[in-house]
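Step one of this worksheet: look at the structure below.
Just so it is clear, none of the values below were taken in a lab; they were calculated from the coordinates. This is a predicted model, so every value here is computed, not measured. Cβ placement follows ideal geometry from the backbone for every residue including glycine, while neighbour counts extend to all protein chains displayed.
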Number of protein chains: 2
Amino acid sequence: MESELAGKVLEGNILAAARLIGEIENEMPNAFEELNSLYPHTGRAGIVGITGAPGVGKSTLIDSLIGIFRKQGMTVGVIAIDPTSPFSGGAILGDRIRMQQHNLDKGVFIRSLATRGWAGGLSKATISTIHVMDAMGKDIILVETVGAGQAEIDIVRVADTAVVILTPEVGDEIQVMKAGILEAADIFVINKADRGGADNLKRVLEVMLGMKAYLPGEWKPAIILTEAIFNNGIEELADEIRRHKEFLTSSGELERRRKERARLELMVAIEGFLKNYIYQRIDKGDYLEKLIDSLVKRKTNPHSAALKIINRFSKQL
Amino acid sequence: MESELAGKVLEGNILAAARLIGEIENEMPNAFEELNSLYPHTGRAGIVGITGAPGVGKSTLIDSLIGIFRKQGMTVGVIAIDPTSPFSGGAILGDRIRMQQHNLDKGVFIRSLATRGWAGGLSKATISTIHVMDAMGKDIILVETVGAGQAEIDIVRVADTAVVILTPEVGDEIQVMKAGILEAADIFVINKADRGGADNLKRVLEVMLGMKAYLPGEWKPAIILTEAIFNNGIEELADEIRRHKEFLTSSGELERRRKERARLELMVAIEGFLKNYIYQRIDKGDYLEKLIDSLVKRKTNPHSAALKIINRFSKQL
C-alpha cells in the first residue's frame with residue numbers, strides 16, 4: 001500500500017518527486033518507507049552514467065541528448081551530482097540554467113544532488129533518486145558526475161551504460177579520472193572534437209582499447225566525436241546508447257548489471273544502518289569524548305578504541 | 001613492544017616505512033598491529049593539507065616548498081593522493097618524477113597512495129600513512145589531494161593547516177572543489193600569479209573572506225600569490241604555514257584539530273571493522289545471492305534486505 005506521496009510520484013507528479021528527493025537528501029526517516037513502497041515499481045528506466053572532468057562539456061552534451069531523446073518520444077530524468085562549493089555557485093549555476101531550457105517540458109525532470117555528509121552517503125542519495133525517477137515513469141535517466149570520487153565511480157559502474165567524456169586537451173582532463181572510470185566505459189565521447197588533438201586522442205583510445213582482448217559477443221566501446229555546443233555527433237551518441245541497451249538485453253548483461261546495482265545498494269544500506277546505529281548511540285554521554293582524549297594523549301590507538309566501541313554497542317544491536 | 005618492522009620505522013628507515021605503507025594499502029592484517037605499536041610515537045609532525053584542482057600546479061609548488069623546508073633544517077614527508085587511472089600513468093608520472101628531484105635526499109620521503117577500494121578506505125590509508133611518516137620522525141608532512149572526493153575533504157579538514165591552491169583561470173578550477181574545501185582553507189594560494197586575472201581572483205577571495213565575521217583571535221586566511229615554477233612567493237607561503245602553526249599552538253586550536261583527527265580516525269576504524277565483519281561473513285554461502293535475486297525481482301527492497309542481514313549477523317558480533 002503506497003502512501004499519498006508515493007502514489008503521486010507513481011503518477012509522475014513532479015512536485016511530489018521533488019519533495020521526496022529532498023527528504024532523501026536530508027535523510028528523513030519517512031523517506032525510507034516511501035522508497036520501499038516505490039521499489040516494486042522500479043527497474044524499467046534505462047540508466048546512463050555520464051562522467052568527465054570539469055570543463056569537458058557534460059552539461060551541454062546532456063542538454064543536446066535530452067533534446068534527441070525527447071524527439072524520440074522518451075521521457076528523461078537527469079541527476080546532476082554537484083561537487084561545488086557554495087562560493088562557486090555562479091559558474092555551476094550557469095551550467096544548470098543552460099540545461100534548464102528543458103525545464104518547461106514536463107517530460108524532463110532535472111535534479112542536482114549536493115555531495116555532502118559521510119562518504120557513501122552520496123551513493124545512497126543517488127541510487128534512491130534514480131528509483132524515484134524510475135518510479136515516476138522516466139524512460140531514461142542520465143546521471144552526471146565528475147568522475148573523481150569513489151561514490152561517483154560506483155554509480156558509473158552500476159549504470160546500464162557508462163559514457164565517459166574526454167576532450168582533446170588531454171592530460172589534466174584524464175588526470176581527474178579515478179582508476180576504474182576509463183575501464184568502466186561502454187562509450188567514449190571526444191567532445192570539442194573541432195579542437196586540435198581530437199584525432200590524436202581518438203588514436204590513443206583506440207590503442208588502449210586494442211590492448212584488451214575482447215571475447216566474441218563482448219561489447220567493445222565505441223568512440224564518438226561530438227561538438228555538443230553545435231549539436232554535432234549527438235544523434236550518433238544517442239544511437240550508440242540505444243545500440244548498447246539492445247546489446248545489454250540480448251546478451252544477458254543487463255541482468256548482470258542490475259544484480260550489481262542491487263548488490264551495491266544493499267551494501268550501502270547495510271553500511272548506513274550500522275553507522276547510524278553506532279553513531280546515534282555513541283553521541284550520547286561522554287564515553288566517546290573520553291576515548292578521543294585517550295587517543296590524543298596516545299594512551300590507546302584507534303584500532304583498539306574502535307574495537308572497544310563495537311564491543312560496547314554490538315550487544316544492544 | 002615494537003616489532004622489528006615498527007622498530008626500523010621509528011629509526012627512520014625508509015625501506016621499512018615503504019614496506020609498512022604497502023601493507024597498509026593492501027589492508028594486510030599485521031599492518032594494524034604495526035600501526036598500533038607506532039601510534040604512541042606519533043603526534044609530533046605538522047600536517048599540512050594541500051589541495052587544488054588538476055593543473056593548478058600542486059606538484060611544482062610542493063616541490064618548491066620541500067626545498068625551503070629542507071633549507072630550514074626540517075625533514076619532510078609527502079603523501080600524494082593519486083586519483084589517476086592506469087591508462088593515464090604518463091601524465092602523472094611526469095609530475096611525480098618532477099617532485100622526485102628530492103628523492104636522493106634522505107630527509108624527504110614521498111609516497112603516492114592510489115585511490116581505490118571502498119569509499120572511506122582512502123582516509124584510512126592516508127591517516128595511517130601520516131602516522132608512519134610521523135613515527136619516522138618527519139617534521140612536516142604534506143598531504144596533496146585534488147579536493148574532489150569526500151575522503152580528501154576529510155583529510156584537509158583534519159590537517160593542522162589546510163592550503164587551497166587556485167589559479168587565475170577560475171571557473172572550472174573552482175568547480176572541482178567540493179563544498180567545504182574553500183571554507184576549510186587556512187591559507188589560499190593563487191598560483192600562476194603571472195597570468196592575467198590573478199588580481200581579480202584575489203579580490204574575489206577577499207570579498208568572500210570579508211563576508212565572514214571573524215572573532216577576535218580567530219585565524220583569518222591569508223592569500224599568497226605564487227609562481228611555483230619560478231619559485232616566486234614560496235618562501236612567503238612557507239612563512240605563512242609557520243605563522244599558522246604558531247597560531248594553532250598559542251590559541252589552543254591545535255588541540256581541537258588533533259581531537260577532530262582522532263575522532264575521524266576512530267569513526268573510520270569503526271566503519272572498517274563493521275564492514276569487514278559483515279562482508280566476510282556475508283560472502284559465505286548463497287544467502288546474499290538469494291537476497292540479491294529477490295531485490296532484482298523486486299520481491300523485497302534494499303532497506304528490508306539490509307535489516308535482514310544485520311539481524312542475521314549481529315547476533316554473532
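The amide H of A:Ile141, built 1.01 Å from its N in the peptide plane, has A:Gly46, A:Ile47, A:Val48, A:Gly77 as neighbours under 5 Å, considering only residues 5 or more places off or on other chains. Legend: distances between Cα atoms for A:Lys299/B:Lys71; A:Lys245/B:Lys308; A:Lys124/B:Lys308; B:Lys124/B:Lys245; A:Lys138/B:Lys297; pairs beyond 28 Å are A:Lys299/B:Lys71; A:Lys245/B:Lys308. Cβ-Cβ distance of A:Glu235 and B:Glu289, R₀ of 56 Å, FRET efficiency by 1/(1 + (r/R0)^6): the value works out to about 0.90.
Taking a ≥ b ≥ c as the square roots of the eigenvalues of the Cα gyration tensor of segment B:1-41, is the shape rounded (a/c under 1.5), prolate (a/b larger than b/c) or oblate? Since a/c reaches 1.5 but b/c is at least a/b, the shape of segment B:1-41 is classed as oblate. Legend: calculated FRET efficiency, A:Glu218 to B:Glu27, from the Cβ-Cβ distance at R0 = 30 Å, rounded to 0.05, equals 0.45.
The ranking of B:Lys299, B:Lys138 from fewest to most other beta carbons within 10 Å of each one's beta carbon is B:Lys299, B:Lys138. For a straight C-alpha distance cut-off of 18 angstrom, the aspartates and glutamates reachable from A:Lys8 (same-chain residues fewer than eight places away being disregarded) are A:Glu23, A:Glu33, A:Glu34, A:Asp134, A:Asp139. Each residue, A:Lys106 and A:Arg298, gets one label point 7 Å from its Cα in the Cβ direction; the gap between the two is 6.8 nm. The modelled label-to-label distance for the pair A:Met211/B:Ile14, using points 7 Å beyond Cα in the direction of Cβ, is 2.8 nm.
Here segment B:1-41 is treated with +1 on each Lys and Arg Cβ and -1 on each Asp and Glu Cβ, and its dipole about the Cα centre works out to around 120 debye. Cα gyration tensor of segment A:270-314, axes a ≥ b ≥ c as square roots of the eigenvalues: rounded (a/c below 1.5), prolate (a/b > b/c) or oblate? Here segment A:270-314 falls in the prolate category.
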